[in-house]
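Every number in this text was worked out from the coordinates using simple rules, so none of it is lab data. Note that this is a predicted model, so its numbers are computed, not measured. Virtual Cβ from ideal backbone geometry, glycine too; neighbours counted across all protein chains shown.
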Ligand SMILES: Nc1ncnc2c1ncn2[C@@H]1O[C@H](COP(=O)(O)OP(=O)(O)OP(=O)(O)O)[C@@H](O)[C@H]1O
Ligand SMILES: [Mg+2]
């Protein structure tokens, strides 16, 4: 692969005595949607979180190997971890809006990076809310608590909030699993739009969703990568038995 | 009737009885305080310090104890908050990956919570003797602070630890530092609970007699500096109640009415204040 955005080599991750990620080697293409597939408990979330080192928050984690992002190994870098995290927006399985109003949810990331000018913030808040098709729904109640939004709206708010810190990468862990079909569709369409400017990594259990939007696929099983490659190749012509049976719905 | 129904009914009756028993006991306490105390609450009681013969049922009031109690408990609550909030946040944000250590701290705080306040009083007294300080408002504030810190920290800790991991991860992935996560996200999410913890500690601080018996002393005057001994309502109640004179005894109940009213007013103010923040809390 030419100039992958992220290159993971020999990544091993233990929590306590449990070997959760085993010899992960993978390359993630820039400005494409990479979908991570695999049955429940195979380590998709853990792999995703190790990319912005949220796995550091676990007791007793041991990580070895390297994760190169823009030619910098984020596991050993001397740079501040918050700088690395700012490069990646995170969308979780269910929305976690910040305990503040809608406006401040978006402005938060900008404020902590020192952007405090009111006019600038107003503009940016509107821009990002428009980007996730939320502006029209909330423009008259920007000062209402984010808690008052529906789950689908909250998830779009979380996407907008992540985009507002100007990342290059979007990490999404089953971002539509708690959403209604319409909100899910909005998020999917946004992802397709956003891949022009962002590298997107999406974990999903929904095979049809993966087929719809994936450019690149990583299939995991019990902590290992079984197969990876361009979406067309993996979906049309999987090489491994495990991948085949997963696609046939033999296990989830 | 099957077993399930019997079980269901048993627990319903049990809950009903407990509620009734607790409610009536509380009502009885409040009623007896009001019944004996209210007739003796007067303007003079609230606005003047003891005059000559006060302790034999003559004129004067407990203003010295009201002011003293407010100084003491507000001072101690403030100090405990100053140290307690950062500790509680630190345990739940910075030490998130050191759960064993955090559980150790919780265990120690729970032990300290269980230590009777008279022991804190004795400890404070020993320290005072060591440094040659006499009974004073300052010594009292420090002793009471030590006594309520475990209550305050554990109270805050209980709400902070219910913040879901996802919110922490969201905040960090936006590039927040742990301190920003603590004060801008965790604190905002937990303000109602934090205020409850402060109130709980304040209630303990203003209501406790044993920890201040040796450390704060008692005086008929309103303190003008931290180095002076200070009267407090719990001790006012204690001294007046042990008097053989009926008028003085009734004043003890009147002082109790005043104490309860102060707690009530502060609680209501704090609730009104906290409801302003309540709306931003996310219900996960
Ligand atoms: N904090 C932890 N401590 C111990 N084990 C953990 C921890 N987090 C995850 N695991 C284990 O690591 C393995 C992978 O978990 P992970 O959450 O990454 O799976 P997943 O592929 O995302 O599953 P799902 O599709 O159900 O979300 C599981 O076996 C899980 O039990
Ligand atoms: Mg997962």
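Details
- Counting neighbouring Cβ atoms within 10 Å and putting the fewest first, the residues B:183, A:108, A:103 line up as B:183, A:103, A:108.
- Shape category assigned to chain A from the gyration tensor of Cα positions, a/c cut at 1.5: prolate
- Choice from B:255, B:243, B:117 with maximal GNM fluctuation in chain B (Cα, 10 Å cutoff): B:243
- Nitroxide proxy distance, nm - points 7 Å out along Cα→Cβ at residue A:137 and residue A:192: 1.9
- Shape class of the protein assembly as shown from the Cα gyration tensor (axes a ≥ b ≥ c, square roots of the eigenvalues): prolate, since a/c reaches 1.5 or more and a/b is larger than b/c.
- The protein assembly as shown - share of DSSP beta bridges that are antiparallel (%, nearest 5): 60
- Cα gyration tensor shape for region B:113-152, rounded if a/c is under 1.5, else prolate or oblate: prolate
- Listed by Cβ neighbour count within 10 Å, with the fewest neighbours leading, B:211, B:32 appear as B:32, B:211.
- Candidates A:151, A:201, A:15: whichever shows maximal mean-square fluctuation once chain A is modelled as a Gaussian network with Cα springs under 10 Å: A:15
- Averaged over the residues of peptide A:49-61, the number of Cβ atoms from other protein chains lying within 10 Å of each residue's Cβ is 3.
- The Cα center of region B:59-83 and the Cα center of region B:143-184 differ in position by 28 Å.
- Highest mobility in the GNM of chain B, judged by mean-square fluctuation with C-alpha springs under 10 Å and restricted to B:227, B:64, B:103, is found for B:103.
- For B:115, B:257, order by how many other beta-carbon atoms lie within 10 Å, fewest first: B:115, B:257
- Full extension of the chain between residue B:269 and residue B:110 gives 54.4 nm of extra length, using 0.36 nm per residue less the Cα-Cα distance.
- A Förster radius of 56 Å combined with the Cβ-Cβ distance from residue A:73 to residue B:279 puts the calculated FRET efficiency at roughly 0.80.
- Inter-label distance, nm, simple model (7 Å from Cα along the C-beta direction), residue A:247/residue A:30: 3.0
- Estimated from the Cβ-Cβ distance and a Förster radius of 41 angstrom, the FRET efficiency linking residue B:103 and residue A:2 is about 0.25.
- √(5λ) per eigenvalue of the Cα gyration tensor, region B:43-280, largest first, Å: 39, 20, 13
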